[in-house]
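This report concerns only the one structure given below.
The values are calculated or read from the model by the stated rules, or taken from the named source; none is laboratory data. Source: prediction; values computed, not measured. All Cβ positions, even for glycine, are placed from backbone atoms using ideal geometry, and neighbour counts span all protein chains on display. Just the protein is used for accessible areas: all its heavy atoms, side chains included, with ligands, DNA and RNA removed. Shrake-Rupley method; radii C 1.70, N 1.55, O 1.52, S 1.80 Å.
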Amino acid sequence: MNLGLTRPYLITRPEHVQHVLRDNAANYPRRGMMWKPLTRLVGEIAGEGPEWALNRGIFQKLLSGPNIAKVTDELARTIVEGVDDLAERTPPGQPVDAQTELTRIVQRAVIRAFFGNRIPLSEADHLADAIRTATRSMGARMLLPFVPLSVPLPGDRAFQRSVQAVDDVILPLVREARRGEVFDRDIVSMLIGTHDEQGRSLDDQQVRDGVVAMFTAGTETTATALVWLCVVLNSQPEIAARLRAEIDGVLGSDHPTRAHLPELRYTKMVMQELMRVYSIGWIIPRTSVADDVIDGVRIRGGNTVLISPYLTHRLPDVWPRPEVFDPERFSPARSKSRHRFAYMAFGAGPHQCVGTLFFTIEAQLIAATMLQRFRPVVLGDGPVEPQVRLTLIPRERVEMVLEPVGSR
Ligand code: HEM
């Protein structure tokens, strides 16, 4: 692709994606585009070195199946609390900002499940705002990673201020945690108790990096996915009706629990299709180290290689009628014949998302809890278009009214 100042390779075919992300992953590390600016927010975890490996191990342990099974019911209760809180604060018919409110529900759940409740909810709003501004002001640095930091680019000031705001919340919390109690399943305690290969414990900055990485990866992505869910349900009444019928049939008037999840099959398929069409992680950049050949095309060492789930998820021979939102694509029968790398909303290979299972469960629980009580009506005319930042976000602020179910 000719992007003017750079000429990255764009890789879209599933078999080529497999080559770059898995089979020859050692030749395609995370460097340069996106990763360089991201390290300024979350530290070396956004790279490839020992700090990444150490943190990946911790995140994997925290987000493992058995650990998530232990927290699912508490997560479900926290989500009900979050939705209750939203209902109490919102007079009937009053529009709410979808991203802000869904972020509140998600972060309350994440803080309870994995942060030992260490971040007060009042500070969490602040933190979420700062992370959102930081991740949305990296556009120029993402496209121009070779420009030195000493040369100012648009977005730099907002980014710096946001990183400072993140530090102001997280660093005191890390220092406090060192003196205080150790909790189970708490990322802060786990990072503080970790030693690197030389047996050294992590310093405050390294613990801060792990905490910010986990919070950034685990909140903004999920909240944005749920905003897209509201947008889709608003424009696809048949899918919304089928989803609601499943939720009502499975839950009745009960709150969702872990036991309900296997029965919320259509809900899960809707979320999978949502992540196909609105691939929040729309781009996965890599840098080639040595020369390579992919399907007869020479890839020169030192070049940027772009993988885009957004584009691969729209290849018409792999996904017939790609523009149609059709959760049935993810029925077990239709999923079977697809190339494994045709769907990579959560990446693949050594960096594959460690939060996939957690996201799936959390999103099912939030969708079920919200839709059991409300019909989200998105305000404004016309479709809500996507916009690319670090993640795929709606171009405009999404405002919605939460109509109580049964009021129509
Ligand atoms: C809509 C939800 C989500 C999407 C679309 C998503 C997408 C992704 C993608 C595409 C990657 C791969 C990056 C690469 O190959 O370089 C990734 C990595 C990662 N994700 Fe997620 N993610 C989501 C939710 C979560 C959640 C809920 C958590 C944690 C609770 C999480 C934690 C992580 C971490 C720590 C990594 C880095 C893994 C590594 O570099 O080894 N993600 N995610």
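Would it be correct to say that residue 312 is polar (S, T, N, Q), crowded, with 16+ Cβ neighbours inside 10 Å and within 20 Å of the chain's Cα centre (by Cα)? Spelling it out, residue 312 is indeed polar (S, T, N, Q), crowded, with 16+ Cβ neighbours inside 10 Å and within 20 Å of the chain's Cα centre (by Cα).
For the range 315-328, filtering for residues that are surrounded by 19 or more Cβ atoms within 10 Å (Cβ to Cβ) and in contact with a helix residue (DSSP H, G or I) (Cβ under 6 Å, 6 or more places away or on another chain) leaves 1. The set of residues from the range 33-50 being in a helix (DSSP H, G or I) and either open to solvent by less than 40 Å² (accessible area, probe 1.4 Å) or in contact with a strand residue (DSSP E or B) (Cβ under 6 Å, 6 or more places away or on another chain) (or both) comprises 35, 37, 38, 39, 41, 42, 43, 45, 46.
Filtering 111, 68, 105, 131 for residues that are without any contact (Cβ under 8 Å) to a residue 24 or more places away in the chain, under 29 Å from residue 174 (Cβ atoms) and crowded, with 18+ Cβ neighbours inside 10 Å leaves a single hit, 111.
If I filter the range 283-303 for residues that are of a type in the set (S, T, N, Q), within 28 Å of residue 64 (Cβ to Cβ), at pLDDT 95 or above and touching a helix residue (DSSP H, G or I) at 6+ places or on another chain (Cβ under 8 Å), do I get at least one hit? Within the range 283-303, none of the residues are of a type in the set (S, T, N, Q), within 28 Å of residue 64 (Cβ to Cβ), at pLDDT 95 or above and touching a helix residue (DSSP H, G or I) at 6+ places or on another chain (Cβ under 8 Å).
Checked against the criterion of being among the hydrophobic types (A, V, I, L, M, F, W, C), closer than 18 Å to residue 40 by Cα and at pLDDT 90 or above, the range 174-195 has no qualifying residue. Among all residues of the range 144-161, there is none that is more than 30 Å from residue 303 (Cβ to Cβ) and in contact with an Asp or Glu (Cβ under 8 Å, 6 or more places away or on another chain).
Identify the residue in the range 367-398 that is part of a loop (DSSP other than H, G, I, E, B), of a type outside the set (A, V, I, L, M) and more than 16 Å from the ligand (Cβ to nearest atom) and, among all such residues, is surrounded by the fewest Cβ atoms within 10 Å (Cβ to Cβ). Among residues in the range 367-398 that are part of a loop (DSSP other than H, G, I, E, B), of a type outside the set (A, V, I, L, M) and more than 16 Å from the ligand (Cβ to nearest atom), the one surrounded by the fewest Cβ atoms within 10 Å (Cβ to Cβ) is 381.
Of the residues making up the range 173-228, just one is within 16 Å of the ligand (Cβ to nearest atom), of a type in the set (Lys, Arg) and open to solvent by 20 Å² or more (accessible area, probe 1.4 Å), namely 185.
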